[in-house]
Amino acid sequence: MRNKKLVKIIAAVLICYFLFQVILYTFIHSRQDDSSEGSRQVESHEEDEKRISSFRNVFDFVTECHNHGIPLILLDSTVLHSVITLQSSATKECLFFCDLNGSTVFGVLSQLWTHDKSFLDDLKDNGFRSHYVMERDTSALEYLSLSENVYTHYMIERYGHIIHLVILYSRPDSYWWLGHVRQNIITYDESEALDNHLSVELNDSFTKEGAYDIAELIKVTMDGIKVRAPRYPKVFLDQISQSAFLRCNQSRAKLFHGLYGGPGDGSETFREAAKETLYLVKKTLDILGVRFWLSSGTCLGWFRQCDTISYSGDVDIGIWIKDYSRQLIPAMQQAGFVLKHLFGKESDSFELSFYNGDMKLDIFFFYEEDDHMWNGGTQVKTGNKYKYIFPKFSLCWTEFLEMKLRVPCNTQAYIEANYGEKWFEPVKMWDWKSSPPNVRPNGRWPEEEWDKVILSFG
């Protein structure tokens with residue numbers, strides 16, 4: 001009997017202990033859940049505050065711009081992507097301007113912008129801190145002129161969020177040029193002149209010098225904010241990755257002309273003929289969607305002296321063989337070009353020559369290997385083949401002869417490959433088979449193929 005009572009007592013104690021552990025476990029985890037929920041509520045509150053701050057910044061900035069008659073253009077890639085995927089903000093109070101990563105980008109046309117102190121003062125009164133960038137304008141491209149400084153960017157910050165205002169300069173060939181955000185950031189408020197750093201890193205897509213086709217604009221209302229935006233946002237956004245711009249170096253051009261003299265007799269006539277030829281090439285190849293760039297002597301003239309080289313006697317362009325279209329020759333002929341030479345074949349050393357009046361146009365087709373690029377050459381009399389080796393390169397925009405044209409981004413490496421380290425010195429005696437330091441023998445065309453790979457017309 002006594003043993004049975006002892007067993008019951010022990011069992012009761014164990015049950016009580018187990019229930020106590022369950023209650024304690026539940027209590028502790030309940031406190032932890034409350035703490036986690038509290039943390040989540042704090043984080044959610046902070047995120048809401050951030051969303052509200054970015055929207056309020058945009059709203060107040062756009063309002064001040066409206067008050068001062070400044071027509072803004074929405075450029076922000078994040079917001080424009082949202083425009084593509086979302087048709088209306090009716091389903092949410094703040095759909096476009098709340099989920100922003102540190103900055104929002106707007107643009108304004110240079111002809112509609114002035115460095116208005118009353119506008120910047122009003123922004124300051126609203127708690128904004130303004131910075132700006134100035135640099136040399138690219139519109140003065142004559143070899144004897146140096147351009148003036150212009151305003152290119154404004155960074156307007158408040159609450160850890162930046163409004164990035166890009167000044168868009170319209171160029172003759174229907175494109176917008178924008179400058180580079182360099183280290184020389186100037187703070188508008190003179191009392192803060194020694195504190196030019198931004199509180200948030202500016203890492204949007206419009207901090208580098210670039211060129212964009214002028215976009216058709218429409219008025220839009222987003223989250224109750226009225227601005228203008230590209231009618232076709234995807235077309236505009238697709239340009240971002242290919243917008244890099246290189247200006248010709250006017251100081252280097254002045255040095256060249258100072259050492260070797262200005263353009264000689266016949267230079268103006270040659271320049272106008274080259275300009276007309278490049279205009280027709282650009283018009284024709286743009287319709288076909290075929291990318292091209294300034295190559296050989298034409299590229300050297302742009303890089304060295306911001307001008308054509310009249311004694312070169314021709315215009316040279318490059319095209320990736322992968323971009324070649326068999327519609328190219330008939331399209332060029334329809335544009336008024338006369339086919340003079342066809343050398344090689346698409347798979348090897350392809351090259352075309354045309355005439356536009358008295359101006360010869362050479363088109364070199366480039367082939368890509370693992371560690372280099374190359375284009376070919378063919379000697380008519382012997383059938384000998386040559387290969388010209390270039391370091392790998394990508395393409396950038398420039399302005400040349402009042403046109404938006406492409407050049408190799410690493411232009412100096414491209415020039416040095418073709419002309420050597422003394423490229424700055426003018427050379428009037430040039431043998432295309434032996435003078436270039438990057439030329440290599442590349443075999444000989446079989447004679448039975450000559451009627452297909454060595455063709456001359458007229």
>> Just to verify a result, which residue in region 295-323, among those that are part of a strand (DSSP E or B) and touching a Phe, Trp or Tyr at 6+ places or on another chain (Cβ under 6 Å), is farthest from E402 (Cα to Cα)?
In response: W320
> Which condition does D99 not pass, out of (1) open to solvent by 40 Å² or more (accessible area, probe 1.4 Å); (2) at pLDDT 95 or above, if it passes all the others?
Replying inline: (2)
>> Looking at the structure I just gave you, is N442 closer than 17 Å to T298 by Cβ, at pLDDT 95 or above and more than 22 Å from the chain's Cα centre (by Cα)?
In response: no
>> Could you tell me how many of the residues in region 440-458 are open to solvent by 80 Å² or more (accessible area, probe 1.4 Å) and part of a helix (DSSP H, G or I)?
In response: 4
> Just for region 427-439: of the residues that are open to solvent by less than 50 Å² (accessible area, probe 1.4 Å) and of a type outside the set (A, V, I, L, M), which one is farthest from L255 (Cα to Cα)?
Replying inline: N438
> Going through region 160-186 one residue at a time, which ones are of a type in the set (D, E, K, R), assigned to a loop (DSSP other than H, G, I, E, B) and surrounded by 16 or more Cβ atoms within 10 Å (Cβ to Cβ)?
Replying inline: D173
> With region 324-423 as the region, which strands (runs of 3 or more DSSP E) entirely inside it contain at least 2 residues that are open to solvent by 40 Å² or more (accessible area, probe 1.4 Å) and out of contact with any strand residue (DSSP E or B) (no Cβ under 7 Å at 6 or more places or on another chain)?
Replying inline: none
>> I'm trying to understand the selection: among the residues of region 245-274, which are out of contact with any helix residue (DSSP H, G or I) (no Cβ under 6 Å at 6 or more places or on another chain), surrounded by fewer than 17 Cβ atoms within 10 Å (Cβ to Cβ) and not in a helix (DSSP H, G or I)?
In response: N249, G261, G262, G264, D265
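The values are calculated or read from the model by the stated rules, or taken from the named source; none is laboratory data. On a predicted model such as this, the values are computed, not experimentally measured, just so you know. Cβ atoms come from the backbone with ideal geometry, glycine included; neighbour counts cover every protein chain shown. The area values use the complete protein model at the heavy-atom level, side chains included, leaving out ligands, DNA and RNA. Shrake-Rupley method; radii C 1.70, N 1.55, O 1.52, S 1.80 Å.
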